[in-house]
Amino acid sequence: MNSGKVRVRFAPSPTGPLHMGGVRTALFNYLFAKKHGGDFLLRIEDTDQTRYVPGAEDYIIEALKWCGLNPVEGPGIGGDFGPYRQSERKEIYKQYADQLIESGNAYYAFDTPEELDKLRAEAEVKKEVFSYDMHTRGKLNNSLVLSEEEVKGKISSGEPYIIRFKMPENADVVEKDLIRGEVKFNTAQLDDKVLFKADGMPTYHLANVVDDHLMQISHVIRGEEWLPSMPLHILLYEALGWRENRPQFAHLPLILKPTGKGKLSKRDGDKMGFPVFPLLWTDPKSGDVSRGYREDGYFPEAFVNLLALLGWNAGTEQEFFSMDELIDQFSLERVVKSGARFDPEKAKWFNRHYLQEKTANELGDLFKPVLVEKGIEIETRMLIKVIEMVKERCGFVSEIWDQAGYFFEPPASYDEKTVKKKWKEDTPDKLNAIIEVFLAVENWNAEQIKEAFSAFMNKKEWGFGVVMVPIRLALVGSSQGVDLFDICELIGRDETISRIRKAILTIA
Ligand code: GLU
């Protein structure tokens, strides 16, 4: 069946925003496909109508696009194996469910949800868990128990039914996982999973296996939470006569909380102040908003880089990878089995790195909307200079404002502590003298301002700090900021003097 070409799929269910673990699954699939000259496709697994969330599919597509993980086949893209939305492939699955019944690998079950609930409740009383399996199936309302006539009668009278897989009784299923090595399961612990539901839709298991086969998927790379489903999937391939051509499996390690204990959840992000979703998400029902890496100001390169290292490493010291480098170096052999701890500080560190890689021009373009929103107009030349000066202090574009706001508008207040410590009774006199010095500077540039200032200070024998901190207070509003004379040059002589005058008038 499989032509030997690498074909992998990302197969999310549109039940809400994509968790960052989902994006990592997509990324590893993408890298694997690219590395092997194969195809990366997107399949939307939306057979569970009860869990369908409007907007989730668009969200998934946008998130992949933002990360640069572009599928070659998928909804809205097309391809030879479509449609790529399972709800549009409804007709395809029934025949395989029928085939499984025919071959004795599946059966009809007519038990109503109420009957099953009752059995569950009864088991609970006995501190047991009800399971529809080899031990119970013989006593329940299904085609293994009923006569052929009865079954036919029920179906033709329109009685609702589901189709269950008939799990072999005591068989070992051994499969090689490309990350975990040989994995062994015994079917005695497995129940008779539902394959086809009363609403005419297949369950995840049937649709997933049928589609992976029909779409000629060569490798199934997915999260560890699907490992328990692997034996059923292997048995389904076998029962459908596809065992020889089944895909190879690779189950990716969990992404763990920053503490290293347990799976990373949205709650961890809320508690500790970091996103767990790629993009901002507004829940269509509750209106609750969840933050996203994109809106929090992360660069997609940084996000992709940090995801790549959650469970994979190149086996070298290298930590920064472009997408091309990832494609070049990625291999499933270097994906680890154990969970990968997520470190939000490291995420910020990655972003800082990619911000430093950008030119002041690029950052200027990204920062301009912030200025527009604040109604600040500024010459691009000046903006670029400002950014060049503060860039190394920033890890996010939004921090440019925190670090450079004083270049664009005079301080609205003065840091009280600094005022208390450094603003003396004679400070206004001293600053007035400095204004005179500044007025006399011939060419208003940092070097000359500094020269004139220093000469004057030496003549007066004033301590530098005694005057420089108050000037900084006047220009910046605090004791922070880049080189004082650079600030003077950039904001200009008039603005420098006007800010000093304003401080003299304001700070009592
Ligand atoms: N629809 C499943 C999910 O939501 C896909 C699992 C798989 O890749 O087989 O993750």
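Apply the a/c threshold of 1.5 to the C-alpha gyration tensor of the stretch 91-187 and tell me whether it is rounded, prolate or oblate.
Cα axes put the stretch 91-187 in the oblate bin.
With the Cα gyration tensor of the stretch 428-478 giving a ≥ b ≥ c as the square roots of its eigenvalues, does the rule (a/c under 1.5 for rounded; else a/b larger than b/c for prolate; else oblate) give rounded, prolate or oblate?
It comes out oblate by the Cα gyration axes.
Just the number: Rg to Rh for the stretch 344-484, Cα atoms, Kirkwood Rh, two decimals.
Ratio value, two decimals: 1.03.
Show which lysines lie in cross-link reach of LYS417 when reach means a straight Cα distance below 22 angstrom and same-chain residues fewer than eight apart are skipped.
Straight-line reach from LYS417, under 22 Å: LYS430, LYS502.
Grab the eigenvalues of the alpha-carbon gyration tensor for the chain, scale each by 5, take roots, and send me the semi-axes largest first in whole angstrom.
Three semi-axes, in Å: 66, 23, 19.
Is the C-alpha gyration tensor of the stretch 85-139 telling us rounded, prolate or oblate? Criteria: a/c under 1.5 is rounded; beyond that, a/b larger than b/c is prolate, otherwise oblate.
prolate
Evaluate Rg over Rh across the stretch 252-348, taking Cα atoms for both radii and Kirkwood's formula for Rh. Each step should come with its number before you reach the end.
Details: Rg = 14.5 Å, Rh = 14.5 Å.
When Rh is taken as the Kirkwood radius, the ratio is 1.00.
Using θ = phi - 60° and the Karplus relation 6.51 cos²θ - 1.76 cosθ + 1.60, list the HN-Hα couplings for the stretch 142-154 in order, rounded to whole Hz, with x at every Gly or Pro.
Once rounded to whole Hz, the list reads 9, 6, 7, 9, 6, 7, 4, 4, 4, 4, 4, x, 4.
Taking amide H positions as placed 1.01 Å from N in the peptide plane, with prolines and chain starts having none, which residues 5 or more places from GLY223, or on another chain, fall under 5 Å of its amide H?
Under 5 Å from the amide H of GLY223: LEU252.
Using the Karplus curve 6.51 cos²θ - 1.76 cosθ + 1.60 with θ = phi - 60°, what ³J(HN,Hα) values do you get for each residue of the stretch 317-328, in whole Hz, with x for Gly and Pro?
For the stretch 317-328, the Karplus-derived couplings read 7, 4, 10, 9, 9, 7, 4, 5, 5, 4, 4, 5 Hz, x marking Gly and Pro.
Applying the Karplus parametrisation 6.51 cos²θ - 1.76 cosθ + 1.60 with θ = phi - 60° to the phi angles of the stretch 20-35, what ³J(HN,Hα) value in whole Hz is obtained for each residue in order, glycine and proline being reported as x?
Each residue's phi maps through the Karplus curve to give 4, x, x, 5, 5, 4, 4, 4, 5, 5, 4, 4, 5, 4, 4, 4 Hz.
Of all alpha-carbon pairs in the stretch 385-456, indicate the percentage at a distance above 16 angstrom.
Counting pairs separated by more than 16 Å, the tail of P(r) holds 67 percent.
How much length, in nm to one decimal, is gained on full extension between GLU128 and ARG243, taken as 0.36 nm per residue of separation minus their Cα-Cα distance? Write out the running numbers ahead of the final one.
Details: separation 115, 0.36 × 115 = 41.40 nm, distance 3.50 nm.
Roughly 37.9 nm would be gained on extension.
So what's the back-of-envelope 222 nm ellipticity for the chain, counting only DSSP H runs of four-plus at -39500 (n - 2.57) apiece and dividing by all residues, rounded to 500? Write down the numbers at each step before the final one.
Details: 20 runs with 228 residues, N = 508.
Only helices count here, giving -13500 deg cm²/dmol.
Out of SER131, TYR93, HIS213, whose Cα points farthest toward the positive end of the dipole of the stretch 74-231 (charges: +1 Lys, Arg; -1 Asp, Glu; placed on Cβ)?
My answer, from the dipole projection, is HIS213.
Roughly how many whole Å is it from the C-alpha centroid of the stretch 96-121 to that of the stretch 327-382?
52
Read-outs throughout are calculated quantities, based only on the coordinates presented, and are distinct from any laboratory measurement. Here the structure is a predicted model, which means the values were calculated and not measured. Neighbour counts are summed over all protein chains in view; Cβ atoms, including those assigned to glycine, are modelled from backbone coordinates with ideal geometry.
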